[in-house]
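Let me begin by presenting the structure, written as structure tokens, before commenting on it.
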Amino acid sequence: MEDKEIIELFLGRSENAICETDKKYRSFCRSIAYNILHDHGETDECINDTYLKLWNSIPPQKPEKLNNYIAKITRNAALYLYKRKHRLKRGGDMVEIALSEIAECVDMHNNVENKTEEKETEQAITEFLDGLDSSKRIIFLLRYWYFMSVKEIAKRQEISEVNVRTSLHRTRKQLKEFLKEREIYQ
């Protein structure tokens with residue numbers, strides 16, 4: 001079923017919307033959630049949360065690209081579960097490592113209640129990513145959006161782990177400079 005038809009099912013409050021979404025996007029949601037949670041049970045919980053959030057947000061929302069909308073909801077739900085699970089733990093797992101790397105460029109602790117600043121940062125990062133060549137952008141997103149390990153990215157992109165690390169380091173450095181120029185990062 002096409003995305004527009006699935007969105008229409010949501011807008012019409014048809015329960016088939018969830019079934020059709022599950023048929024088309026379950027494996028996509030699973031890969032996003034599992035890369036963050038590394039637990040099959042929590043991944044299933046996250047997917048259920050994603051479907052509930054979709055049901056509650058469409059309408060009033062009417063996403064232009066359903067796959068992007070689902071990816072964002074799944075990622076946020078997985079991060080919420082991850083933070084809840086690891087609130088008392090501190091360790092060197094993949095999500096913690098990736099977040100600490102990107103914290104070099106983006107102030108992760110600024111006032112998130114200021115939605116204007118958050119939107120400006122989001123738009124600047126999108127602009128920055130749009131300006132990257134596709135291989136650098138893919139590596140960056142696999143690491144910091146999908147939380148893949150350097151090893152997984154190297155295998156997927158068919159390059160060495162050293163090349164992945166170098167690309168990530170240089171891209172973070174470029175992002176930091178880009179955000180400084182826009183006075184988003186001090």
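The values are calculated or read from the model by the stated rules, or taken from the named source; none is laboratory data. Quick caveat: nothing in here was measured; it's all calculated off a predicted structure. Virtual Cβ from ideal backbone geometry, glycine too; neighbours counted across all protein chains shown. To get the accessible areas, we keep the full protein, side chains included, count just its heavy atoms, and leave off ligands, DNA and RNA. Shrake-Rupley method; radii C 1.70, N 1.55, O 1.52, S 1.80 Å.
Arg170 passes every criterion in (1) in contact with a helix residue (DSSP H, G or I) (Cβ under 7 Å, 6 or more places away or on another chain); (2) open to solvent by 50 Å² or more (accessible area, probe 1.4 Å); (3) of a type outside the set (S, T, N, Q); (4) over 26 Å from Cys29 (Cβ atoms) apart from (1). Based on what the data block shows, is Glu5 open to solvent by 90 Å² or more (accessible area, probe 1.4 Å), part of a helix (DSSP H, G or I), more than 14 Å from Tyr146 (Cβ to Cβ) and in contact with a helix residue (DSSP H, G or I) (Cβ under 9 Å, 6 or more places away or on another chain)? Here the answer is yes, as Glu5 does meet what is asked. Among the residues of region 53-69, is there at least one that is hydrophobic (A, V, I, L, M, F, W, C), touching a helix residue (DSSP H, G or I) at 6+ places or on another chain (Cβ under 9 Å) and open to solvent by 50 Å² or more (accessible area, probe 1.4 Å)? So far as region 53-69 goes, yes, one or more of its residues are hydrophobic (A, V, I, L, M, F, W, C), touching a helix residue (DSSP H, G or I) at 6+ places or on another chain (Cβ under 9 Å) and open to solvent by 50 Å² or more (accessible area, probe 1.4 Å).
Selection within region 135-159: residues that are part of a loop (DSSP other than H, G, I, E, B) and without any contact (Cβ under 8 Å) to a residue 12 or more places away in the chain. The member of this set that is surrounded by the fewest Cβ atoms within 10 Å (Cβ to Cβ) is Glu158. Taking the listed residues Thr126, Thr116, the one that is assigned to a helix (DSSP H, G or I), open to solvent by 20 Å² or more (accessible area, probe 1.4 Å), among the β-branched types (Val, Ile, Thr) and at pLDDT below 80 is Thr116, with no other qualifying.
The C-beta contact set for region 1-18 (first residue within 12 Å of Pro63 (Cβ to Cβ), second residue open to solvent by 40 Å² or more (accessible area, probe 1.4 Å) and hydrophobic (A, V, I, L, M, F, W, C), distance under 8 angstrom, 6+ apart or interchain) comprises Phe10/Trp55. Return yes when Ser31 is surrounded by fewer than 18 Cβ atoms within 10 Å (Cβ to Cβ), in contact (Cβ under 8 Å) with a residue 40 or more places away in the chain and of a type outside the set (D, E, K, R) and no when it is not. When the stated conditions are applied, Ser31 passes them. Scanning region 8-28 for residues that are open to solvent by less than 60 Å² (accessible area, probe 1.4 Å), assigned to a helix (DSSP H, G or I) and more than 13 Å from Ile47 (Cβ to Cβ) yields a count of 5.
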